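The block underneath contains the structure these notes are about, expressed in structure tokens.
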There are 6 protein chains.
Amino acid sequence: MPRTLYVINPNSNTSVTAQLDAAVDPLRHAGGPDIRCVTLPSGPPGVETQAHVDEAALAVNAFAARHQADAAGFVVACFSDPGVAQLRERVAVPVLGISESAVLTALTLGHHFGVIAILPGSIPRHLRAWGAMGIAQRCAGEIAIGRGVSALADREATLAAMVDAGRRLRDERGAHVLVMGCAGMATFRTPLAEACGLPVVEPTQAAAAMALGRIQLGW
Amino acid sequence: MPRTLYVINPNSNTSVTAQLDAAVDPLRHAGGPDIRCVTLPSGPPGVETQAHVDEAALAVNAFAARHQADAAGFVVACFSDPGVAQLRERVAVPVLGISESAVLTALTLGHHFGVIAILPGSIPRHLRAWGAMGIAQRCAGEIAIGRGVSALADREATLAAMVDAGRRLRDERGAHVLVMGCAGMATFRTPLAEACGLPVVEPTQAAAAMALGRIQLGW
Amino acid sequence: MPRTLYVINPNSNTSVTAQLDAAVDPLRHAGGPDIRCVTLPSGPPGVETQAHVDEAALAVNAFAARHQADAAGFVVACFSDPGVAQLRERVAVPVLGISESAVLTALTLGHHFGVIAILPGSIPRHLRAWGAMGIAQRCAGEIAIGRGVSALADREATLAAMVDAGRRLRDERGAHVLVMGCAGMATFRTPLAEACGLPVVEPTQAAAAMALGRIQLGW
Amino acid sequence: MPRTLYVINPNSNTSVTAQLDAAVDPLRHAGGPDIRCVTLPSGPPGVETQAHVDEAALAVNAFAARHQADAAGFVVACFSDPGVAQLRERVAVPVLGISESAVLTALTLGHHFGVIAILPGSIPRHLRAWGAMGIAQRCAGEIAIGRGVSALADREATLAAMVDAGRRLRDERGAHVLVMGCAGMATFRTPLAEACGLPVVEPTQAAAAMALGRIQLGW
Amino acid sequence: MPRTLYVINPNSNTSVTAQLDAAVDPLRHAGGPDIRCVTLPSGPPGVETQAHVDEAALAVNAFAARHQADAAGFVVACFSDPGVAQLRERVAVPVLGISESAVLTALTLGHHFGVIAILPGSIPRHLRAWGAMGIAQRCAGEIAIGRGVSALADREATLAAMVDAGRRLRDERGAHVLVMGCAGMATFRTPLAEACGLPVVEPTQAAAAMALGRIQLGW
Amino acid sequence: MPRTLYVINPNSNTSVTAQLDAAVDPLRHAGGPDIRCVTLPSGPPGVETQAHVDEAALAVNAFAARHQADAAGFVVACFSDPGVAQLRERVAVPVLGISESAVLTALTLGHHFGVIAILPGSIPRHLRAWGAMGIAQRCAGEIAIGRGVSALADREATLAAMVDAGRRLRDERGAHVLVMGCAGMATFRTPLAEACGLPVVEPTQAAAAMALGRIQLGW
């Protein structure tokens, strides 16, 4: 019987994977599936361009094909949900992208959600996703902090930028809930929520929770 | 520390509550919250009219107020989500309605969802809910089986009517996933899915799973 | 033959009812229905929370049940339209909520409407209503003046806050017409319109006019 | 002081005008504005094409310019609302089109409205109008009876065709309320409603009622 | 065999027509249709009001009727697309409005488009058009430069105003591509794009290109 | 100076490429760009699954990278638009997908468009695309003919199935224009249009025409 929920980090950054692992830890329990967070070493340091996304789609599916026998479900832990559509055609077990799961969770926490993106170039890609999901009407807006992979390493400055973006989404766009538009930053969830006075959805947690529910209920 | 996820059946039908209890059983695990399914004895035999819904909103909140100290979360197990908006203003713990949770779950299982309602008079109420959620574009349609509380007791005929509605939603409206627009019918989930060849979302299961995830992750 | 259009103020504030009465006076004419503005003494001083709204839904319907024989129609004069859906299932005469009527009227007066709310906590409730009505695309935005029942008593400051909100809706959100998101403030309609240079819809007037038309035409 | 609400029939068919006159009669009352239904003799026998609509836009405005001093308001009694946008820029008094007024009224009578059109070629024009109004999500569908001006003279066959269209809108498209997509057929309103078991909105009545309310309230 | 693509300037300003002519010149090629830009001398100096638009609808169709034998297609070079719907019913050859063509082209150049209008009074008319087209969700916003026909003659100040509007659409509304909401300003396309760092769609070019494609492909 | 518009067939079927070549031939003219239709020999016989689409995204971009110096523009001739988003980030020349171009062209030919798909499994993918484009409201529906690559070789039966689907889209869903949801079937365009009495958009032609216009106009 398949026992493992794979949380796939499609970039090669193992510190991101470590943070995913910590983020999903509250969901682990005796008798439940193993939750294994894995790194795709062939991936880029960060998924930043559509080329990265398209390549990640294949890498994610290649990984899944190799681990299919053992898999109770898959979470794709990149905010562009690379390979999710393909994987859903390929396997019968639950497949969740962190972007869609974060947004669906946000819809239960506030009326208009705002998204904090990392790079401005990702925003049109996300907007296409909200359109494809048919929920664009609920999006208050999206603001990028404009920091690349290396700048993200300065975590204090990154958090400050996220707080600034979150407050602007709240004050200028009317967001009632924030979505972190990136993986591997779960430690910022609480300080960001406190600084903005709004609930904050961490997307990998959202996806892993939805996947667990689906696995336990068998759909 | 609050330990209980309350699944509130706002009608007085204890056999419905028993079915809710069986439906959410796969979500119980050692170390997790108690999941308690409760009946509101003051409720009607079935929530069929807007008057029932409006009264249930108060009854649900009165129950929640009495059990707040102990509550880790609440699921309102009626497909009109009575009292959910109020309860969210009242308590800090997760509150999920089965209607919204079922639809959000369905959005990860297929593009267009179809809803099998019990009574035709509920359909406009549901359509308002999809509109309020901003996801109406994803609804392929809704078909009622037209059976009141007593007719539902004939479970074979009820299942046959649901299968017929599900097939029509699939063939005439293009549904890729079905949502059962009622509580307490989880035993029909598998035969309905098999007869229609589509995934079927049972709403109380969907809501309880989302609530559990929210509780475990603390948002 | 039923002769009375009831305009129900679901809060207990009789000065609000007096203002409703003045607001609808231009609609009274010989041979037309009596227009009676009534206070529900069991209501809160102001409808501010979802709990107030849900309780008002029952109180409105209880009042209507007692006056049904005599009623030519009902207007529910609270901007959350409490009890309107239930009342429509219960009676055959016209039932209009002031929120929906105000918005429908605004749609004939400008392309994008802006709403001036009283409290920020009401905005998500209103946004759900625009979504349920399927007209969210026409809403330029909503701004709350953030004044509770007692602060509203300072009418000069209240008007100044409404003018400020109206100008922001015009300049920052592109509103072409304003909707007053509250009952009992009809005396502000003209000064607000003049200060903002935009048409302003007073919701109780909008609803009473629609109700009268429906009564006269028999639908 | 302007005293007249003009209901402008932009076609040259005086029997249509006579029917408009009867339709709005229940709205006349002592002390209220005169309601005058007028024929534009230069118009076509029926407004059937976009060329007719575009010509009617000018004729309606030319008429209004000549009667502006005397006008308390204008209703344009053609279901393509010709000239309404122009007239709104030209005069300060209320201007209502029967198409938009009918739809806005229908939104208070049922969730999804269905439209019974006369000619199939008008349907795309109407669909553009629902889109421009931002309410397309509420339209269940539109069915044309396919009868030209002369065929409409056979009123029994016309009613039968409308009943058939109405029942199809109810059964196949899920309409909860019907809109008559034409002027001058108010006598069919009651038999159509009875045959279909749904409320039916007669558009000229809807527009005249909205205009009266706007006149009485001064916006 | 019809050989001419008519680009109709419905205002009487021949210098606008000269600019249209230069704008579409890159589309001319040996063996392709003649592209003739024509002025309607009966038109106003600029199409500014709905009255102008409605009159232009007739003038455009009258012109087209006179040149139908010779026409391979028509472009209506006014950003309110006057007469396009009528002309499509009247002729079998391609008919393109510059407003719709500009927007459809913009949809391939960026996710959210912003429109630079000339006069604020035109914005609601444009918003109705985006609604009728069903693409309003892609519109980031519209800002008018507020310059009448004579003020437009100061081309330096006009360009500066357009750059200012373009930057605001980019920074405050999130536009990824700009649409020039007017005809006859193609010479501003490049400087505007460079100053704003965004692609800019010139609407007459967009429409003429779409018309040419349609003509060559025979649909 | 780049001189070539590449029309990329991402499947390995050279007879499809030959048909693309014939389809775009009317767009070739002296002085215009070379239009070269190319086959990606590494592709599958037909793009049928999301895995095919995701792999095609990379193959298309690899091809484009090799031919970038020479390219005036790119058309991706597969109805799932594989690699279009990535290619737009990678090159400065026009990039058009046949699916989006077909739909944008259809929007100028009729109000509601219907799509004839090849396989039912592609429909959700297309629906996501219409959502991402923000034009889902204009889609009347989509019907698959359910024929795989080999069955498509029986062209008579394929055309008959497409005619049947087109008539159903017209009669049951209200389509005013049809879009062929596949590449390489341009020879069916005219018989399909004649049999259905509706305009039919052939997607590769639509995209090549839009690309040509963009190239000639330099945006």
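The values are calculated or read from the model by the stated rules, or taken from the named source; none is laboratory data. Predicted model only: the values in this text are computed from it and were never measured. When we count neighbours, we look across all protein chains shown, and the Cβ atoms used for this are built from the backbone with ideal geometry, even at glycine. Only protein heavy atoms, including side chains, enter the accessible area calculation; ligands, DNA and RNA are left aside. Shrake-Rupley method; radii C 1.70, N 1.55, O 1.52, S 1.80 Å.
Hey, among F:59, F:92, which residue is touching a strand residue (DSSP E or B) at 6+ places or on another chain (Cβ under 9 Å), without any contact (Cβ under 8 Å) to a residue 60 or more places away in the chain, farther than 24 Å from residue F:179 by Cα and open to solvent by 20 Å² or more (accessible area, probe 1.4 Å)? Walk me through how you get there before you give the answer.
Working: F:92 fails: touching a strand residue (DSSP E or B) at 6+ places or on another chain (Cβ under 9 Å).
Going through F:59, F:92 in turn, just one is touching a strand residue (DSSP E or B) at 6+ places or on another chain (Cβ under 9 Å), without any contact (Cβ under 8 Å) to a residue 60 or more places away in the chain, farther than 24 Å from residue F:179 by Cα and open to solvent by 20 Å² or more (accessible area, probe 1.4 Å): F:59.
In the list F:109, F:104, F:87, F:119, which residue meets the criterion of being more than 14 Å from chain A (Cβ to nearest Cβ), farther than 25 Å from residue A:139 by Cα and either open to solvent by 10 Å² or more (accessible area, probe 1.4 Å) or within 17 Å of the chain's Cα centre (by Cα) (or both)? Full working, then the answer.
Numbers: F:104 fails: farther than 25 Å from residue A:139 by Cα; F:87 fails: more than 14 Å from chain A (Cβ to nearest Cβ); F:119 fails: more than 14 Å from chain A (Cβ to nearest Cβ).
After ruling out the rest, the residue left standing is F:109.
Looking only at the range D:196-219, how many residues end up being of a type in the set (S, T, N, Q) and within 8 Å of another protein chain (Cβ to nearest Cβ)? Quick ask: steps written out before the conclusion?
Filtering the range D:196-219 down to residues of a type in the set (S, T, N, Q) leaves D:204-205, D:216.
Restricting the remaining residues to those that are within 8 Å of another protein chain (Cβ to nearest Cβ) gives D:205, D:216.
Summing the residues that are of a type in the set (S, T, N, Q) and within 8 Å of another protein chain (Cβ to nearest Cβ) in the range D:196-219 gives 2.
Could you check residue D:134 against (1) in contact with a Lys or Arg (Cβ under 6 Å, 6 or more places away or on another chain); (2) away from every other protein chain (no Cβ under 12 Å) and say which number it fails?
Residue D:134 satisfies every listed condition except (2).
If you check B:186, B:160, B:193, which single one turns out to be away from chain A (no Cβ under 14 Å) and among the hydrophobic types (A, V, I, L, M, F, W, C)?
On the way: B:186 fails: away from chain A (no Cβ under 14 Å); B:193 fails: away from chain A (no Cβ under 14 Å).
Being away from chain A (no Cβ under 14 Å) and among the hydrophobic types (A, V, I, L, M, F, W, C) holds for just one of B:186, B:160, B:193, which is B:160.
Among F:43, F:73, which is farther than 18 Å from residue F:186 by Cα, at pLDDT below 95 and surrounded by 19 or more Cβ atoms within 10 Å (Cβ to Cβ)? Before the answer, list the steps.
Values: F:73 fails: at pLDDT below 95.
The conditions single out F:43.
State all residues of the range F:92-110 that are outside any helix (DSSP H, G or I) and closer than 20 Å to residue F:216 by Cβ; if no residue qualifies, say none. Break it down into steps so the answer makes sense when it comes.
Taking the range F:92-110 and keeping what is outside any helix (DSSP H, G or I), we get F:92-97, F:107-110.
F:92, F:93, F:94, F:95, F:96, F:97, F:108 - these are the residues of the range F:92-110 that are outside any helix (DSSP H, G or I) and closer than 20 Å to residue F:216 by Cβ.
Filter the range B:15-33 down to the residues that are under 14 Å from residue B:212 (Cβ atoms) and touching a Lys or Arg at 6+ places or on another chain (Cβ under 9 Å) and list them by number.
Within the range B:15-33, the subset under 14 Å from residue B:212 (Cβ atoms) is B:23-33.
Correct list: B:23, B:33.
Answer yes if at least one residue in the range F:70-84 is over 16 Å from the mean Cα position of the chain (by Cα) and away from every other protein chain (no Cβ under 14 Å), and no otherwise.
Yes, the range F:70-84 has at least one match.
Of everything in the range D:146-160, what is of a type in the set (A, V, I, L, M, F, W, C), farther than 15 Å from residue D:191 by Cβ and either touching a residue at least 12 places away in the same chain (Cβ under 8 Å) or assigned to a helix (DSSP H, G or I) (or both)? Give them in sequence order. Walk me through it before giving the result.
Looking only at the range D:146-160, we keep the residues that are of a type in the set (A, V, I, L, M, F, W, C), and these are D:149, D:151-153, D:157, D:159-160.
Okay, now just the ones that are also farther than 15 Å from residue D:191 by Cβ, so D:149, D:151-153.
Listed by number, the residues that qualify are D:149, D:151, D:152.
Any idea how many residues of the range E:122-142 are surrounded by fewer than 22 Cβ atoms within 10 Å (Cβ to Cβ), touching a strand residue (DSSP E or B) at 6+ places or on another chain (Cβ under 8 Å) and among the aliphatic types (A, V, I, L, M)?
Going through the range E:122-142 one residue at a time, the tally reaches 2.
Do we find that residue F:145 is at pLDDT 95 or above, closer than 30 Å to residue F:213 by Cβ and crowded, with 20+ Cβ neighbours inside 10 Å in this structure?
Working: at pLDDT 95 or above: yes; closer than 30 Å to residue F:213 by Cβ: no; crowded, with 20+ Cβ neighbours inside 10 Å: yes.
Here the answer is no, as residue F:145 does not meet what is asked.
Whether any residue in the range C:159-181 is open to solvent by less than 20 Å² (accessible area, probe 1.4 Å), touching a helix residue (DSSP H, G or I) at 6+ places or on another chain (Cβ under 7 Å) and more than 30 Å from residue E:128 (Cβ to Cβ) is what I want to check.
The answer is no, given that none of the residues of the range C:159-181 is open to solvent by less than 20 Å² (accessible area, probe 1.4 Å), touching a helix residue (DSSP H, G or I) at 6+ places or on another chain (Cβ under 7 Å) and more than 30 Å from residue E:128 (Cβ to Cβ).
Of the residues E:128, E:170, only one is in contact with a Leu (Cβ under 7 Å, 6 or more places away or on another chain), not assigned by TED's automatic domain parsing to the domain that holds residue E:15 and not small (Gly, Ala, Ser); which? I'd like the intermediate steps shown before the answer.
Working: E:128 fails: in contact with a Leu (Cβ under 7 Å, 6 or more places away or on another chain).
One residue alone meets the criteria, E:170.
Within the range C:1-55, restricting attention to residues that are within 14 Å of chain B (Cβ to nearest Cβ) and under 13 Å from the mean Cα position of the chain (by Cα), which residue is farthest from residue D:26 (Cα to Cα)?
Ranking the candidates gives C:47 first.
Kindly indicate which of C:65, C:85, C:59, C:51 is small (Gly, Ala, Ser), under 24 Å from residue D:106 (Cβ atoms) and assigned to a helix (DSSP H, G or I).
Numbers: C:65 fails: under 24 Å from residue D:106 (Cβ atoms); C:59 fails: under 24 Å from residue D:106 (Cβ atoms); C:51 fails: under 24 Å from residue D:106 (Cβ atoms).
Step by step, each of C:65, C:85, C:59, C:51 is checked, and only C:85 is small (Gly, Ala, Ser), under 24 Å from residue D:106 (Cβ atoms) and assigned to a helix (DSSP H, G or I).
Return a yes/no flag: does the range B:83-90 have any residue that is assigned by TED's automatic domain parsing to the domain that holds residue B:165 and modelled with pLDDT of 95 or more. Explain how you work it out, then say what you get.
First pass over the range B:83-90, keeping only residues assigned by TED's automatic domain parsing to the domain that holds residue B:165: none.
Looking for residues that are assigned by TED's automatic domain parsing to the domain that holds residue B:165 and modelled with pLDDT of 95 or more, one finds none in the range B:83-90, hence no.
Taking only the range D:18-40 into account, find how many residues are open to solvent by 10 Å² or more (accessible area, probe 1.4 Å), over 22 Å from residue D:91 (Cα atoms) and at pLDDT 95 or above.
Going through the range D:18-40 one residue at a time, the tally reaches 7.
How many of the residues making up the range F:161-183 are among the aliphatic types (A, V, I, L, M) and either without any contact (Cβ under 8 Å) to a residue 60 or more places away in the chain or in a loop (DSSP other than H, G, I, E, B) (or both)? Walk me through it before giving the result.
Kept after step one, since they are among the aliphatic types (A, V, I, L, M), are these residues of the range F:161-183: F:161-163, F:165, F:169, F:175, F:177-180, F:183.
Next cut, either without any contact (Cβ under 8 Å) to a residue 60 or more places away in the chain or in a loop (DSSP other than H, G, I, E, B) (or both) only: F:161-163, F:165, F:169, F:175, F:183.
Selection size over the range F:161-183: 7.
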